[in-house]
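A short worksheet on the structure shown next.
The values are calculated or read from the model by the stated rules, or taken from the named source; none is laboratory data. All figures in this text were calculated on a predicted structure; none of them were measured in a lab. All Cβ positions, glycine included, derive from the backbone under ideal geometry; neighbour counts span all protein chains shown.
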Amino acid sequence: MEAAVKRSSGAVQEDRLWQRHAEMAELGGTPKGGVNRQALSAEDAAARTLLMSWAKARNFAVFTDAIGNLFVRRDGADAKAPPVMSGSHMDSQPTGGRFDGMYGVLAAFEALEALEDAGIRTRRPVIAVAWTNEEGSRFQPGAMGSAVFAGVYKLDEMLATKDWKGVVLKDALGETLKAAPAPMRDGNPGFDVGFYVEAHIEQGPRLEAAHKTIGVVTAIQGSRRYIVEIDGEEAHAGTTPRAARKDAYAAATRIAAAMYEATNDADDTLRFTIGHVEVLPGSPNTVPGKVTFTIDMRHPDDAVLEAHEKKLHDIVSRKARPCPARIERVTSVAPTGFDTRVIDLVRAKAQALKLSHMDMPSGAGHDAMHIARLCPAGMIFVPCERGISHNEIENAAPSDLAAGTRVLVEVLQELANR
Ligand code: HGY
Ligand code: MN
Ligand code: MN
């Protein structure tokens with residue numbers, strides 16, 4: 001069996017994998033070398049079409065589900081066995097990098113090709129998956145496709161969500177599936193999965209700093225996201241005295257300043273980000289009548305997130321006056337611990353392949369945090385340059401991407417025979 005396991009990783013082709021990244025990076029490519037391929041955009045549809053063309057060339061089965069998750073299936077000897085699944089997302093941030101998410105999808109596809117090229121049969125089917133709307137920057141919440149698949153969010157509620165311009169997700173999904181048609185698996189999303197393993201760039205500096213090639217991911221920290229809406233009163237910038245103003249932006253800045261202060265923990269573990277701010281009507285000489293902004297909070301300990309959610313409510317009630325304000329909690333994902341069987345197997349395969357590695361938690365959220373509720377799951381990290389991500393200059397080395405894929409295919413093959 002050991003010899004067969006070696007063959008699958010030996011069939012991983014670094015150049016083919018790198019070339020596929022280059023082709024995908026054309027879709028939504030930006031002048032700075034990043035990508036703007038937001039969920040359910042024309043660029044997202046083009047990426048789906050390209051992936052399906054590669055799958056069809058290898059006679060892998062392709063199908064989608066009611067939230068648009070895209071599956072590429074390589075059959076196993078036991079068609080009824082719950083599959084082993086691997087993948088990530090193809091949607092990107094507006095100023096995203098070419099590896100965030102895409103690496104996990106292409107590594108999973110490369111694993112299917114390597115098993116095929118090595119002529120290795122597995123007991124379970126092996127599926128590569130591209131989850132819908134992981135980033136959650138256009139439509140919220142993020143990790144939407146995997147969460148609907150795992151039964152965490154209701155399909156109908158997600159179909160009814162709107163982007164910042166008021167486009168309804170159901171309509172954008174319809175456009176995408178029209179542009180990139182795939183056989184639809186009927187019924188609600190979700191099916192039995194045996195194991196799930198996701199490859200991803202680390203999106204942080206730790207692997208590079210430690211000169212390690214493989215991150216054996218043990219957990220994903222907890223995350224919560226809010227939308228804060230403040231209602232002021234539009235007024236003339238020149239004539240309206242301060243005492244008479246209901247300035248929504250002044251209220252927002254008081255809340256923001258207080259929250260930056262409250263989340264400024266001594267050990268720099270709590271992550272607090274205000275990433276999207278809308279000021280209306282947006283005229284230089286009209287006092288803002290409405291401000292909407294997002295809050296993204298992360299921490300390994302849910303109790304800390306809970307405590308800071310309480311602080312947020314207290315600060316908004318004190319600092320928004322005289323403007324009424326509302327807080328909507330869009331997501332609350334508890335910290336995820338991965339399955340030790342998968343963690344140990346990732347570590348063992350990295351060792352067998354003589355790749356430097358270290359155990360580490362994930363600071364970023366991933367689809368694996370939802371799929372880990374369905375089945376034993378884990379992740380494999382590879383370094384990215386200076387740990388930079390959610391930025392067009394995001395970069396990774398072809399050799400690291402291939403190394404992570406070699407570990408992935410050996411892990412998938414072993415799990416597909418359990
Ligand atoms: O926000 C996240 O953690 C993920 O990169 N979308
Ligand atoms: Mn990602
Ligand atoms: Mn991301």
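Structure notes:
- The residues listed here are 250, 258, 243; of these, the one that is at pLDDT 95 or above and loosely packed, with under 13 Cβ neighbours inside 10 Å is 243.
- Qualifying position, being charged (D, E, K, R) and in contact with a Ser or Thr (Cβ under 6 Å, 6 or more places away or on another chain), among 58, 48, 37: 37
- Residue satisfying all of: in region 91-122; part of a loop (DSSP other than H, G, I, E, B) and either at positive phi or away from ligand 2 (no atom under 13 Å from the Cβ) (or both); nearest to the chain's Cα centre (by Cα) among these: 101
- Filter result for residue 125 (away from ligand 2 (no atom under 16 Å from the Cβ) and not hydrophobic (A, V, I, L, M, F, W, C)): yes
- Just one of the listed residues (81, 111) is of a type outside the set (S, T, N, Q) and within 16 Å of residue 408 (Cα to Cα), and it is 111.
- Complete set of residues in region 176-207 that are charged (D, E, K, R) and crowded, with 16+ Cβ neighbours inside 10 Å: 198, 202, 206
- Residue 193 being over 29 Å from residue 99 (Cα atoms) and in contact with a Pro (Cβ under 6 Å, 6 or more places away or on another chain): no
- Number of residues in region 79-90 that are more than 9 Å from ligand 2 (Cβ to nearest atom) and either outside the structural domain of residue 28 (by TED's automatic domain parsing) or not small (Gly, Ala, Ser) (or both): the value is 6.
- Test for residue 128: is it of a type in the set (A, V, I, L, M), touching an Asp or Glu at 6+ places or on another chain (Cβ under 6 Å), within 28 Å of residue 336 (Cβ to Cβ) and in the same structural domain as residue 10 (by TED's automatic domain parsing): no
- Enumerated strands (runs of 3 or more DSSP E) restricted to region 192-292, each holding at least 3 residues that are among the hydroxyl-bearing types (Ser, Thr, Tyr): none
- Any pair with Cβ under 6 angstrom, 6 or more apart, that starts in region 375-388 at a residue that is closer than 29 Å to residue 415 by Cβ and assigned to a loop (DSSP other than H, G, I, E, B) and ends at one that is modelled with pLDDT of 95 or more and of a type in the set (Lys, Arg): 376/341
- Here region 186-244 is the region considered, the condition is being touching a His at 6+ places or on another chain (Cβ under 9 Å) and β-branched (Val, Ile, Thr), and the residue that is nearest to ligand 1 (Cβ to nearest atom) is 220.
- Among the residues of region 86-134, the one identified as surrounded by fewer than 24 Cβ atoms within 10 Å (Cβ to Cβ) and within 12 Å of ligand 1 (Cβ to nearest atom) is 93.
Here's the yes/no breakdown for (1) away from ligand 3 (no atom under 16 Å from the Cβ); (2) over 13 Å from residue 366 (Cβ atoms); (3) in contact with a strand residue (DSSP E or B) (Cβ under 9 Å, 6 or more places away or on another chain):
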| site | (1), (2), (3) |
| --- | --- |
| 187 | yes, yes, no |
| 193 | yes, yes, yes |
| 197 | yes, no, yes |
| 201 | no, no, yes |
| 204 | no, no, yes |
| 213 | yes, yes, yes |
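- Residue match in region 365-373 (condition: assigned to a loop (DSSP other than H, G, I, E, B), modelled with pLDDT of 95 or more, surrounded by 20 or more Cβ atoms within 10 Å (Cβ to Cβ) and among the aliphatic types (A, V, I, L, M)): yes
- Tally of residues being outside any helix (DSSP H, G or I) and either touching a residue at least 24 places away in the same chain (Cβ under 8 Å) or at positive phi (or both) across region 171-185: 5
- Cross-chain or 6+ apart pairs with Cβ under 7 Å, region 45-59 first and free of Cβ contacts under 8 Å to residues at least 40 places away in the same chain, then buried (at least 19 other Cβ atoms within 10 Å of the Cβ) and assigned to a helix (DSSP H, G or I): 50/24
- Test: residue in region 159-170 that is within 21 Å of residue 49 (Cα to Cα) and free of Cβ contacts under 8 Å to residues at least 12 places away in the same chain: yes
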